[in-house]
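Here's the structure, in structure tokens; my notes come after.
The values are calculated or read from the model by the stated rules, or taken from the named source; none is laboratory data. Since this is a predicted model, take the numbers as computed values, not measurements. We place every Cβ from the backbone using ideal geometry, glycine too, and count neighbours over all the protein chains shown.
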Amino acid sequence: MSRDARITAMFNDHVDFIWRSLRRLGVPEAGVDDATQEVFMVASRRLDAIELGKEKSFLFGTAVRVASDARRGAGRRRDRVADDEQPDIADPSPRADELVDRKRARALLDEIIAGLPDETGPVFVLYELEGMTMAEIASVLSLAPGTVASRLRRAREHFDSMIARRAPRRDHG
């Protein structure tokens, strides 16, 4: 496979995951597209160092570093576009009630994930929300595969108990 074909395949396979990861890692929404581009630029420069089958792990590790840099940089600069410079575009956004429902669901998920013990949270997010394999998680977080499995089990138990506590109670009888 040529270099161009490989980087194109990496981009097509992982761009959505990297974009979501950067957003979850605290990159301001206005900077997520640029940060995503930066991750893939780093990957294109270091393509020979990326093991076949380990592309997602490499990209996630790069995203963690890019997100850290983006958060630091956002605090130093305040680039704002004046309102009169904004183009008039029809709003393709979801309706207000849909946004409220999504925001509530996201807030609940964020609250439950934030309540996971520190050592289990990243494993849960990478496995359950991002679809990474245990081997990829072990590589990205520098953990033994057995440690990843036990942390995932504990995180699932904690998550399930948090959901059960929030479920509406019904009287049976």
- line: Checking ALA30, ALA5, ALA49, ALA63 in turn, the sole residue that is under 23 Å from GLY131 (Cα atoms) and either in contact (Cβ under 8 Å) with a residue 40 or more places away in the chain or over 11 Å from the mean Cα position of the chain (by Cα) (or both) turns out to be ALA63
query: Taking segment 3-53 as the search range and keeping residues that are among the basic types (Lys, Arg) and surrounded by 15 or more Cβ atoms within 10 Å (Cβ to Cβ), which one is farthest from LEU143 (Cα to Cα)?
result: ARG6
message: Suppose we filter GLY61, GLY26, GLY31 for residues that are out of contact with any Cys (no Cβ under 6 Å at 6 or more places or on another chain) and assigned to a loop (DSSP other than H, G, I, E, B); which single one remains?
response: GLY26
task: Kindly indicate the residue of segment 120-158 that is among the acidic types (Asp, Glu) and under 17 Å from the mean Cα position of the chain (by Cα) and also farthest from ARG23 (Cα to Cα) among those meeting that condition.
output: GLU136
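Residues that are charged (D, E, K, R): find the helices (runs of 4 or more DSSP H) completely inside segment 121-166 holding 2 or more of those. So that I can check it myself, show each step before the final result.
Numbers: elements: 121-124, 134-141, 145-166.
Passing ranges, in order: 145-166.
Is there a residue in segment 60-74 that is at negative phi, modelled with pLDDT under 75 and surrounded by fewer than 11 Cβ atoms within 10 Å (Cβ to Cβ)? Outline the logic, then answer.
Our first condition is that a residue be at negative phi; within segment 60-74, this holds for 60-74.
Okay, now just the ones that are also modelled with pLDDT under 75, so 71-74.
Those still in the list that are surrounded by fewer than 11 Cβ atoms within 10 Å (Cβ to Cβ) too: 72.
Yes: one or more hits.
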statement: Per the list (1) farther than 23 Å from VAL15 by Cα; (2) modelled with pLDDT of 85 or more; (3) hydrophobic (A, V, I, L, M, F, W, C), residue check on ALA138 breaks on (1)
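Hey, can you tell me all the residues within segment 1-19 that are assigned to a helix (DSSP H, G or I) and touching a helix residue (DSSP H, G or I) at 6+ places or on another chain (Cβ under 8 Å)? Walk me through how you get there before you give the answer.
If we filter segment 1-19 for residues that are assigned to a helix (DSSP H, G or I), which is where we start, we get 3-19.
Across segment 1-19, the qualifying residues are ARG3, ARG6, ILE7, MET10, PHE11, ASP13, HIS14, VAL15, PHE17, ILE18, TRP19.
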statement: Picking from GLU38, GLU51, the residue that is more than 28 Å from ARG154 (Cβ to Cβ), in a loop (DSSP other than H, G, I, E, B) and at pLDDT 80 or above would be GLU51
